[in-house]
Amino acid sequence: MHTELSAELAHSSAAQRAKAIIGSCVHCGFCLATCPTYQLLGNELDSPRGRIYLIKQMLQGAPAGKVTVTHLDRCLTCRACETTCPSGVQYGQLLDIGRQMLEVRPIRSPGERLVRRVLGAALSRRAVFAAALRVGQWLRPLLPPAQAARIPARVRAKGMLQPARHARGMVMLQGCVQPALAPNINAAAARVFDRLGVSLITVKEEVCCGALSHHLGGTERALQQARRNVDAWTKFLDDGAEAIVSSASGCGVMVKDYGELLRHEPRYAERAQRVSAATRDLCEVLRVADVAAIAAGQSRDLRSRIAWQSPCTLQHGQKLTARVEPLLEAAGFALTPIRDPHLCCGSAGTYSLLQRELAVRLRSAKLSTLQEGRPQVIATANIGCLQHLAAAADVPVKHWIELIDEAGAP
Ligand code: SF4
Ligand code: SF4
């Protein structure tokens, strides 16, 4: 597809990048078959091809209004379309550019802007989110049932985070909402790696990875957060940290993109590239042999049936497929078959808050496929998916590393 950039955008590097991405789309429509919003709504403008067309119009100088905002907002950024596309169209990057262009235009009402700003600020500050969650949990008994159900119950870690005590170490990306919502995930990861002689190190100066702001169109704020993390983690890589590991696939996919996002900044380009290259999801670091060794000797019957939900940020964003399943099997769990594993659960960062109706419909569809095989537990790899699914699932939803940790518990 050819795009004629408007005079205003002709010299913008972001617009030129968007033009190049659009140029690789051959308009074939294969992506429509795997797009969750197109499947639900049946409108071409709620498909990848339709959204590409809307962004193309903006780049050519057509006025963008409510229609463009509505259809770009409905996109989950799940990137299932990228996995399907035979031409390698980098739709995720294009959408981020399109959203950034929309945010600087006076289309949203002041109320909408305020909600997005508050969400971006509150969810990306660990201490602010933890305090707000705690207040909500205290007030929970006083709220009407429908509202109370939307506040996650308090969860405690099953043990303390292991102190760093081994010569081998890796930086552990802590995340913003995860430590307050599910503190056992990082604690379980630290216990598992401690058994393997590797300490997971937390870095005090770490801030939000920037994914929340980035997908809300707040690119400059996201870049500031990326720069701070590059500064914070480089010192640990210099000191011999073997990797930066993430237990939340939504954060991992963002950090793996720092090299690309900061490529034009002389002070950061090289170090950002290094940070991205060192970043791994837990499933890239843990080996089947490690898990087998951890689980060997445990005497309990662990043949629980597990339904594995692969988050979009793991399978489409990081292109990591069939990595967690062998680990769970090595730990002794039995996996149930899942239909349409490529489809999003509807969580998608702030999507489940801003596009509630679509998010709930997608969750119902996902849960019916996950629960078809009558699992005892649903396992996932991202805190957003975990919370969203857990709010309506009939069985517990856990991070897969918690199950590996349980398999190796004395
Ligand atoms: S599958 Fe790829 S090339 Fe075909 S319409 Fe979709 S984005 Fe364009
Ligand atoms: S990212 Fe997901 S929701 Fe958005 S267009 Fe692609 S497949 Fe559809």
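For this structure, a couple of remarks:
- Some residue of segment 307-318 being touching a helix residue (DSSP H, G or I) at 6+ places or on another chain (Cβ under 9 Å), aromatic (Phe, Trp, Tyr), open to solvent by less than 60 Å² (accessible area, probe 1.4 Å) and under 28 Å from Gly408 (Cβ atoms): yes
- Residues located in segment 389-404, provided they are in contact with a helix residue (DSSP H, G or I) (Cβ under 9 Å, 6 or more places away or on another chain) and open to solvent by 10 Å² or more (accessible area, probe 1.4 Å): Ala391, Ala392, Ala393, Asp394, Val395, Pro396, Val397, Lys398, Glu402
- Some residue of segment 237-248 being part of a helix (DSSP H, G or I) and under 23 Å from Gln315 (Cα atoms): no
This table checks each residue for (1) open to solvent by less than 70 Å² (accessible area, probe 1.4 Å); (2) within 24 Å of Ala121 (Cα to Cα); (3) of a type outside the set (D, E, K, R).
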| residue | (1), (2), (3) |
| --- | --- |
| Arg228 | no, yes, no |
| Asp231 | yes, yes, no |
| Phe236 | yes, no, yes |
| Ile244 | yes, no, yes |
| Cys251 | yes, yes, yes |
| Asp257 | yes, yes, no |
| Pro266 | no, no, yes |
| Ala269 | yes, no, yes |
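- Scan of segment 85-112 for residues that are touching a residue at least 24 places away in the same chain (Cβ under 8 Å) and more than 12 Å from ligand 1 (Cβ to nearest atom), ordered by number: Gln93, Asp96, Ile97, Gly98, Arg99, Gln100, Met101, Leu102, Glu103, Arg105, Ile107, Arg108
- When Leu367, Leu403, Leu389 are checked against the criterion of being of a type outside the set (D, E, K, R), touching a Lys or Arg at 6+ places or on another chain (Cβ under 7 Å) and in a helix (DSSP H, G or I), Leu389 stands alone in meeting it.
- Residues in segment 4-52 that are open to solvent by 30 Å² or more (accessible area, probe 1.4 Å), assigned to a loop (DSSP other than H, G, I, E, B) and near ligand 1 (Cβ under 9 Å from one of its atoms): Ser24, Val26, His27, Cys28.
- Checklist (1) more than 16 Å from ligand 1 (Cβ to nearest atom); (2) surrounded by fewer than 20 Cβ atoms within 10 Å (Cβ to Cβ) applied to His342, failing item: (1)
- If you go through segment 53-86 and pick out every residue that is within 8 Å of ligand 2 (Cβ to nearest atom), assigned to a helix (DSSP H, G or I) and among the hydrophobic types (A, V, I, L, M, F, W, C), you end up with 2.
- Taking the criterion of being among the small types (Gly, Ala, Ser) and touching a Gly at 6+ places or on another chain (Cβ under 9 Å), the only residue of segment 191-208 that qualifies is Ser199.
- Arg74 within 16 Å of ligand 1 (Cβ to nearest atom), basic (Lys, Arg) and modelled with pLDDT of 95 or more: no
The values are calculated or read from the model by the stated rules, or taken from the named source; none is laboratory data. Everything quoted here is computed from the prediction, not taken from an experiment. Here the Cβ is made from the backbone with ideal geometry for all residues, glycine too, and neighbour counts use every protein chain on show. Surface accessibility is based on the protein's heavy atoms, side chains included, excluding ligands, DNA and RNA. Shrake-Rupley method; radii C 1.70, N 1.55, O 1.52, S 1.80 Å.
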